[in-house]
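Heads up: the structure comes next, in structure tokens.
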Amino acid sequence: MTQRDMAGLLKITPMTLRNWKKEKPKLYEIIMKGFAFEDAVKKAQQNADELKALEEEFKTKK
């Protein structure tokens, strides 16, 4: 996700996000960690879905 995408989701301008990076580094860090967490949760859900599909596939082959 680009900074422009993140700014759009936050309903701020990309310039505001860049300013926060310089002027409010802790706020910027929290925001970036939030996006990273959201991404990790999505990946974990995809992995869980893939494992469930494999489990179903093996059940039908027995």
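The values are calculated or read from the model by the stated rules, or taken from the named source; none is laboratory data. None of the values given here were measured: they were computed from a predicted structure. Backbone-built Cβ (ideal geometry, glycine too); neighbour counts: all protein chains shown.
This table checks each residue for (1) touching a Pro at 6+ places or on another chain (Cβ under 9 Å); (2) surrounded by 11 or more Cβ atoms within 10 Å (Cβ to Cβ); (3) acidic (D, E); (4) without any contact (Cβ under 8 Å) to a residue 60 or more places away in the chain.
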position	(1), (2), (3), (4)
I12	no, yes, no, yes
T16	no, yes, no, yes
W20	no, yes, no, yes
K24	no, yes, no, yes
E29	no, yes, yes, yes
M32	no, yes, no, yes
F35	no, yes, no, yes
E38	no, yes, yes, yes
A44	no, no, no, yes
* **Residue list for segment 11-62, restricted to those being touching a helix residue (DSSP H, G or I) at 6+ places or on another chain (Cβ under 8 Å) and among the β-branched types (V, I, T)** => T13, T16, I31
* Asked: Is it fair to say K62 is modelled with pLDDT under 95 and surrounded by fewer than 10 Cβ atoms within 10 Å (Cβ to Cβ)?
  -> yes
